[in-house]
């Protein structure tokens, strides 16, 4: 018996024991569909029986912020727009949330008594500390805020989690790690943090969803409604309510008078290639096609068919 091992199998994530049966049933349906697709390719093979099932289980430990960690050396400049709150209670996410809603001009990295009082106004019901990344969605809904999470590695900033909510208030956080410890850092000014990631020296405005740079805020505002990451799906431009759409390209309804059929024959030859470099990107060509012959057949699209 043969099986379609060439297919890619996506792992299923189970966070609650009540989801186990549902995930197994879903996996069974996917396997049946894969077999049907494989048979439809015309292999002439027939599935007689399934002899074994293999179920690999891996324990997942979600990332979570913990206590204070010093920023990477390249990010310690105060002009980077980061506030690294000094906490030892595993609630760095909460204190970032407080500092976002309650700015401080003097020593903003310190957690004051007034901050602790302000934290009582926030709804963290059902959220355990340190905050796990999957719990951010719950915090968003309970506090009506968009939260975007970014990581930093070897001089590059990259998105870890982009919010799918559309609240008026938004907050950006940086997630850093040091060995087994991790920490959330409040991004006070995202544009200042991203400033050195492009060569443009004037004012920069960055889209938090795709990290694209704009020279002013106006094009950024026009871009964001159509941003793929903001909508979660491809943007759809609908007609204005009450407007009418008319078909105008009547010429495209007419059949073309002539059709040309073309065929090319070529030989694949090996070519010398370049030496790979670790300092810059490169392309490694190793084959090229040499044309040997070609044929064109024009056909007239009418009753004569000449």
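Values quoted throughout were computed directly from the atomic coordinates according to the rules given, and no laboratory measurement underlies them. Note that the coordinates shown come from a computational prediction; the quantities given were computed from them, not determined experimentally. Virtual Cβ from ideal backbone geometry, glycine too; neighbours counted across all protein chains shown.
Tell me, which helices (runs of 4 or more DSSP H) wholly within the range 83-173 include 1 or more residues that are in contact with a strand residue (DSSP E or B) (Cβ under 9 Å, 6 or more places away or on another chain)?
Fully inside the range 83-173 and qualifying: 92-101, 136-143.
Looking only at the range 210-219, which residues are outside any loop (DSSP other than H, G, I, E, B) and farther than 17 Å from residue 159 by Cβ?
Result: 214, 217, 218, 219.
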